[in-house]
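The values are calculated or read from the model by the stated rules, or taken from the named source; none is laboratory data. Note that the structure is a prediction, hence the values are computed from the model and not measured. Glycine gets a Cβ as well: all are built from the backbone with ideal geometry, and neighbour counts include every protein chain shown.
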């Protein structure tokens, strides 16, 4: 294994004195807060496998080409078998544990700034996220994993699936806006009047409303309003988001120790009743 201290000293010109592991978040990459001999502090993310290496390279492309008040400062980058990204230390920023109308509005304003930013060349399209077959069509073919979540009865699902499939497959994902596409409290912090977004490995270009629809269920889980109290919601996009999580939340974790399935289930518990309401399906009584 490589010598991380030596790499950091070569890249930043100062000796790392203390490294503290960061445990929040859902990635398998190593994440560290590092204190250096010259008094500087930095956040360091190191790839642990081929998957996280690809994510870090995608993220680096954003830090290299996108500028704005919503971007953390990039201090260093090094590619290789275990790519390494060094960013400004944001540990003293305000990381939201709950949501107010003011903080929600600030994030919505920031997402508009993100969407209006120039799109780097070669950015993937949001259309690449559209599964084939669609999420609800996949659930129709193999409903056991979804039904194991006990969010609805088999009869409810059987009756609702034709509508869910039709509406999801009509969702317009294409567009010209830059999207972060992983907006949640663990990827958002407030630095003075700035809203800063981290973890840019899912960035793409497409329909900016989907960015908001993906975010809002987590806002309600953290004490904020119901999604429909923030935006009206395009039914096809809500069906797409609910299907995206419904198709995944009942699967085994993608890697050892991952808690992402629990996160997907909790967000689905908000998104699915929202979807049912918009599509005038029988209501669901789901406890979150």
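Do we have any residue at all in segment 91-103 that's part of a strand (DSSP E or B), surrounded by fewer than 19 Cβ atoms within 10 Å (Cβ to Cβ) and touching a strand residue (DSSP E or B) at 6+ places or on another chain (Cβ under 8 Å)? The answer is yes, given that some residue of segment 91-103 is part of a strand (DSSP E or B), surrounded by fewer than 19 Cβ atoms within 10 Å (Cβ to Cβ) and touching a strand residue (DSSP E or B) at 6+ places or on another chain (Cβ under 8 Å). Could you go through segment 104-120 and let me know if any residue there is outside the structural domain of residue 216 (by TED's automatic domain parsing), surrounded by 14 or more Cβ atoms within 10 Å (Cβ to Cβ) and not in a helix (DSSP H, G or I). No, the conditions are met nowhere in segment 104-120. Selection of segment 75-90 for residues being under 18 Å from residue 4 (Cβ atoms) and surrounded by fewer than 19 Cβ atoms within 10 Å (Cβ to Cβ) yields 75, 76, 77, 78, 79, 80, 81, 89. Here the condition is being crowded, with 17+ Cβ neighbours inside 10 Å, within 20 Å of the chain's Cα centre (by Cα) and either within 22 Å of residue 216 (Cβ to Cβ) or not assigned by TED's automatic domain parsing to the domain that holds residue 32 (or both); of 151, 179, it holds for 179 alone. Consider segment 28-43 and keep the residues that are in contact with a strand residue (DSSP E or B) (Cβ under 8 Å, 6 or more places away or on another chain) and either in a loop (DSSP other than H, G, I, E, B) or assigned by TED's automatic domain parsing to the domain that holds residue 187 (or both). The one that is modelled with the highest pLDDT is 37.
Among the numbered conditions (1) more than 15 Å from residue 88 (Cα to Cα); (2) free of Cβ contacts under 8 Å to residues at least 24 places away in the same chain, the only one that residue 57 does not meet is (2).
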